[in-house]
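The values are calculated or read from the model by the stated rules, or taken from the named source; none is laboratory data. Quick caveat, the model's predicted, so the values are computed rather than measured. Cβ: placed from backbone, ideal geometry, glycine included. Neighbour counts: every protein chain shown.
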Amino acid sequence: MKYICPLFLTLFLFCSFVFFTSCGDDEIDENSAILYDDLPSSALVTYTGKLVFFNDTGENLTNLSGTATIIFNGNSTYAINFSDNVPSIEGLLFIEDKEDGGYFSQSIENSSQGIVIEGTELIVGLTMSAGNWQFAGER
């Protein structure tokens, strides 16, 4: 019994030490904020490639020579307009990949997305409540 009290005291001090050292400064570093980039004018063109779209009712469209055109909407946001009456994707923000010079998009409206512009290629993979977009093409 005389060893239990020091054991609990030691355990309490150890846990307190771990807790307080793991609670560092939680302030947001202003230098780590995401900075969105403007796309170069060479990316604001029409790309031709494979277009696949599944709408929210399960209907699908596949076109091996579909098109996707990136346009600037103002206020640093972009849209991708597709051929074949496929709905546009709007409100896109891009971040430059400093290592390879490409650009990738930030997720919008609780979507699961991957939109990449690299060299002459545009790759789109997006799932939202309105449907599922897939595109891979070149300018």
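Quick notes
- One residue stands out among those in segment 52-71 that are of a type outside the set (Asp, Glu) and part of a loop (DSSP other than H, G, I, E, B): the one that is modelled with the lowest pLDDT, which is GLY58.
- Residue within segment 50-63 that is among the β-branched types (Val, Ile, Thr) and either in contact with a helix residue (DSSP H, G or I) (Cβ under 9 Å, 6 or more places away or on another chain) or exposed (fewer than 14 other Cβ atoms within 10 Å of the Cβ) (or both) present: yes
- Entirely in segment 74-139, the strands (runs of 3 or more DSSP E) that have 1 or more residues that are modelled with pLDDT under 85: 112-118, 121-128
- Close pairs from segment 77-90: first farther than 10 Å from THR46 by Cα, partner hydroxyl-bearing (Ser, Thr, Tyr) and not in a strand (DSSP E or B), Cβ under 6 Å, at least 6 apart: ALA79/SER88
- Some residue of segment 41-51 being under 30 Å from TRP133 (Cβ atoms), modelled with pLDDT under 90 and basic (Lys, Arg): no
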